[in-house]
Amino acid sequence: MKYKIFVYITSLLFFCNSIDAQTQSLPERPRIVVGITIDGLRSDYLSLFWNSLSKGGFKRLAEQGAVLPNVGYSYKSADASVDVASFATGTEPYIHGIIGESKFDRKLNRQVKSVFDASVIGLSDTRTLSAKSLQCTTLADELQEASINGSKIVSVGIDPTEAILQLGHVGECFWMNNITGNWASSNYYMNSLPEWVQNLNNKKTIDTYLSKTWETMYPAGYYVSASTNGGSGFNYGVRAACNGLHLYDNFATTPFANDYVCDFALEAIEQLKMGKDMIPDLLLLQFSAHPFFLKAEFGLSMELEDAYLRLDKNLQWLFENLDNKFGKDNVLIYLTTTRTDDAMKTTRMNANVPGKSFNVDRYLALLNSYLMANYGQFKWVLSCGGGNIYLNRELIEEKGLNLKNVQNKAVEFFYLIPGVVNVASSFDLEQAYFSAGSLRYAYYRESSGDLLYTLSPGWYEVDINDRPNGYKSHSGQTVPLYLYGWRIAPQVISDQVDATDAVFTLSRWLRIPAPNGSKGVVLPVKLNDN
């Protein structure tokens, strides 16, 4: 009898343990979320190079994860910074407050970065940067709040603006100092750089990448773009090719900048012991797929193709490390991109395809002359660019003019300028938002201009030296979103979805509140059941 009872209890325990093991095989929440934003990645180039990619990078995401190829944004014209902020917060510029990589500061009477913050101190950087201008919470902010500061949260990127905006207000944020090449931050995020980051800077690890030779990873005939180089490969000493006044800015356009970020990310995981407990951690990475600066004017080139293949290798290396450390089921990876500058003439191989430059300095002068003819010989326009026109409000008030009337007069003129498809005053936009609940402009009341304009498809903005500044028409353009790991089932969701729904979905999966400006819905992504 005792033997039968023993067998029964043993069987019951085994059955319970089996159920428990099955339950634990698919965790309720990932132990670590890795969010990857690739600035400038072009889906058409990715498709063109697809057969040359490894099985472990982009193809792993596409074949083993969820692919959403048509993720859209509600506003037409913007730059990458606005898209990053909208994705991170799950809402539109009217709510989150970021209207572009830079904005005009009326108090300082000059353009400043959207993440400029004079109240903070740079750490290993003379720039003073923070997320103070981001007016609502992000996924990282809500995760830290929900975990009672238990989650380890890190954002890293070459570009400080995007590294800051993809993170938000809490966690540890690092970017490359574009003067020294060292890893930097500000006291908005920490009192001082962690010792392990200081050690990396002291070792001058960036010199390892600058001392490399950049040449094709494969024989020239392997590349679909080989004809652009006359069938031959290329060979650059990285430091020599990047050297000059903008050494590190130039370095940021080479594929080795992505290596620099990837190495730092893996070191952060190790040093901070990320993913070691049941409280989810968050690692945010910003990579780049912009053309190498020496070949930017030629668009598709072997250098650009090789950079894509090397980026694919970065992803393979990263994914393998994550698998080895945590196991696929404990890691949730999402990868997305910013909308690209693919309409620029520098990337057009056929001169018949529409694509024209919009010189903001030229049109600022024309608009000012027009207003002078109507109101007198004064400087009526303070700044123009990035879709914003800032009028001299102090002068308008001093002359006893009605701001709305001057705005309308400027609207009349700007509509006549080639390349402008829409222009509206701030008064019009306020009314449009409250009547419709959304805007087609990257508009925020406190930092946007008096007039906002959008460009026609194929048009892009350039500065006084005819250099593109990143602002262009994105009408109808969507970006891909890849989800991989944890409980994500392989699938393709072809319907267009809104970018603001992504962070809302991630919040639900992490079982935390969505960012406080989010108005999204859960994406129709199939999850494997426990």
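Coordinate-derived values only; no laboratory data. In this text, all values refer to a predicted model and were calculated from it rather than measured experimentally. Because the Cβ atoms are built from the backbone with ideal geometry, glycine has one as well, and the counts that use them run over all protein chains shown.
The value of relative contact order for the chain, using C-alpha pairs under 8 Å at least six residues apart, is 28 percent. For segment 221-309, the set of trypsin sites (Lys or Arg not before Pro) satisfying both a DSSP loop assignment and a count of at most 16 other C-beta atoms within 10 Å is given as 273, 276. Relative to the Cα centre, the charge distribution of the chain, modelled as +1 at Lys and Arg Cβ and -1 at Asp and Glu Cβ, gives a dipole magnitude of about 380 debye. A simple spin-label model places the labels of residue 463 and residue 146 4.1 nm from each other, with each point 7 Å out along Cα-to-Cβ. For segment 356-473, the tally of Lys pairs with Cα-Cα distances below 17 Å comes to 4, considering only residues 8 or more apart or on different chains. Here is the tail figure for segment 44-132: Cα pairs spaced more than 19 Å apart come to 60 percent of all pairs. Were the residues from residue 492 through residue 204 laid out at 0.36 nm apart, the gain over their Cα-Cα distance would be 99.4 nm.
The P(r) of segment 356-473 has a tail past 23 Å containing 27 percent of all C-alpha pairs. Loop-located trypsin sites (Lys or Arg not before Pro) in segment 72-111 (DSSP state other than H, G, I, E, B) with a sparse environment of at most 16 neighbouring Cβ atoms within 10 Å: 106, 107.
Given a Förster distance of 41 Å, report the FRET efficiency between residue 119 and residue 217 from their Cβ-Cβ distance, rounded to the nearest 0.05. The computed FRET efficiency comes out at 0.35. With both labels modelled 7 Å from their Cα along Cα-to-Cβ, the residue 369 to residue 47 distance reads 4.4 nm. Candidates 380, 416, 370 compared by Cα position along the dipole of segment 356-473: farthest toward the positive end lies 416, with charges placed on Cβ. Extension gain, residue 398-residue 422: 0.36 nm per intervening residue step, less the Cα-Cα distance, totals 5.7 nm.
Of the trypsin sites (Lys or Arg not before Pro) found in segment 489-530, those in coil by DSSP whose Cβ has at most 11 other Cβ atoms within 10 Å are 511. Quick one: angle between helix 80-89 and the longest Cα principal axis of the chain, in degrees between 0 and 90, rounded to 10, please. Taking the Cα atoms of the chain, the angle to 80-89 is about 50 degrees. Only helical runs count toward this figure. For the chain, summing -39,500 (n - 2.57) over DSSP H runs of n ≥ 4 and dividing by all residues gives -10500 deg cm²/dmol at 222 nm.
The average projected area of the chain, computed from the convex hull of its Cα atoms over all directions, is 29.5 nm².
Net length available on complete extension from residue 527 to residue 271 is 89.0 nm, with 0.36 nm assigned per residue and the Cα-Cα distance removed.
Of all DSSP bridge pairs formed entirely within segment 356-473, close to 75 percent run antiparallel. Based on alpha-carbon atoms, the Kirkwood radius and the radius of gyration of segment 27-94 give Rg/Rh equal to 1.01.
Here the chain carries DSSP beta bridges of which approximately 55% are antiparallel, counting only pairs with both residues inside.
Once each of the GluC sites (Glu not before Pro) sitting in a DSSP loop with at most 16 other beta-carbon atoms within 10 Å is removed, the chain keeps 29-445 as its longest stretch. Each residue, residue 191 and residue 310, gets one label point 7 Å from its Cα in the Cβ direction; the gap between the two is 4.0 nm. Note on residue 519: aspartates and glutamates with a C-alpha under 17 Å away, same-chain residues under 8 apart excluded, are 83, 92, 141, 142, 498, 501.
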